[in-house]
Amino acid sequence: MSDHAGELIDATVRALALVAFLLAGVLVLTNWAARKQAISPFGWWPRLVRKWGDPWLRPIERRLHSAGANPQDAPLWLLGIVLVAGVLAISVARWLLGSLALLESLQNAGLRTWLRLAVATAFSLLSLALIIRVIGSWLGVGRYTRWMRPIYRLTDWMVEPIRRRLPPFGALDLSPLIAYVGILVLRSLILRFL
């Protein structure tokens with residue numbers, strides 16, 4: 001893939017993320033103005049915004065209601081979700097483009113280089129799984145959630161032995177952090193010998 005195509009894909013993803021964030025911002029501002037009675041909730045603009053925003057807000061409102069939170073906060077949650085999704089989309093696009101460029105440059109590389117790449121990739125995936133595990137635990141998404149089960153299977157062999165031997169620190173669980181540092185040290189040692 002040419003550099004121009006990569007730059008075009010990156011710019012397109014960034015533009016889409018920005019447009020989605022701006023649309024969510026318009027929805028938040030319109031909702032806020034209607035709640036504060038700065039504009040009539042029955043005017044043409046709030047009705048238009050509700051028409052295209054309701055399909056996005058209803059699932060969030062239901063989730064907030066079932067969690068005991070205020071469903072009127074759904075626009076702010078949507079804005080946060082769009083922001084996080086946009087950052088993730090940009091990161092994934094750049095990672096994919098970088099990976100394609102790396103594979104292109106490694107076409108004539110030797111076995112040792114490919115082995116170093118495989119080891120570095122494996123350790124990067126383990127690190128990412130640990131980060132997802134920690135963030136999931138902060139958000140209340142545990143090991144029995146369908147999409148978190150593979151993450152826990154991938155990281156339990158590192159985290160659980162550390163957790164059993166580590167003295168308790170109250171509600172704070174430092175075992176994923178220690179496992180993460182261990183992964184970084186082990187990765188640098190293995191790559192030094194390859």
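Some values worked out for this structure:
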read-out: Given (1) polar (S, T, N, Q); (2) open to solvent by 90 Å² or more (accessible area, probe 1.4 Å); (3) in a helix (DSSP H, G or I), index of the condition Asn108 fails; value: (3)
read-out: The range 71-89 residues that are within 10 Å of Ala20 (Cα to Cα), paired with ones that are assigned to a helix (DSSP H, G or I) and open to solvent by 40 Å² or more (accessible area, probe 1.4 Å) (beta carbon under 7 Å, 6 or more apart); value: Val82/Ala20; Val82/Phe21; Leu83/Phe21; Gly86/Ala20; Gly86/Phe21
read-out: Of all residues making up the range 33-46, the number that are at negative phi, at pLDDT below 90 and open to solvent by 70 Å² or more (accessible area, probe 1.4 Å); value: 2
read-out: Filtered residues of the range 47-64 (kept if over 12 Å from Leu78 (Cβ atoms) and open to solvent by 100 Å² or more (accessible area, probe 1.4 Å)); value: Arg47, Lys51, Arg62
read-out: Members of the range 133-153 found to be under 19 Å from Leu177 (Cβ atoms) and not small (Gly, Ala, Ser), listed by number; value: Arg133, Val134, Ile135, Trp138, Leu139, Val141, Arg143, Met148, Ile151, Tyr152
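Here's the yes/no breakdown for (1) closer than 27 Å to Leu88 by Cβ; (2) open to solvent by 40 Å² or more (accessible area, probe 1.4 Å); (3) touching an Asp or Glu at 6+ places or on another chain (Cβ under 9 Å); (4) without any contact (Cβ under 8 Å) to a residue 24 or more places away in the chain:
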position	(1), (2), (3), (4)
Ala122	yes, yes, no, yes
Leu128	yes, yes, no, yes
Ile135	yes, yes, no, yes
Gly140	yes, yes, no, yes
Trp147	yes, yes, no, yes
Ile151	yes, no, no, yes
Thr155	yes, no, no, no
Pro168	no, yes, no, yes
Leu174	yes, yes, no, yes
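The values are calculated or read from the model by the stated rules, or taken from the named source; none is laboratory data. Since we're looking at a predicted model, the values are computed, not measured. Positions of Cβ are generated from backbone atoms using ideal geometry, with glycine treated the same way; all protein chains shown enter the neighbour counts. The accessibility values were calculated without ligands, DNA or RNA, using every heavy atom of the protein model including side chains. Shrake-Rupley method; radii C 1.70, N 1.55, O 1.52, S 1.80 Å.
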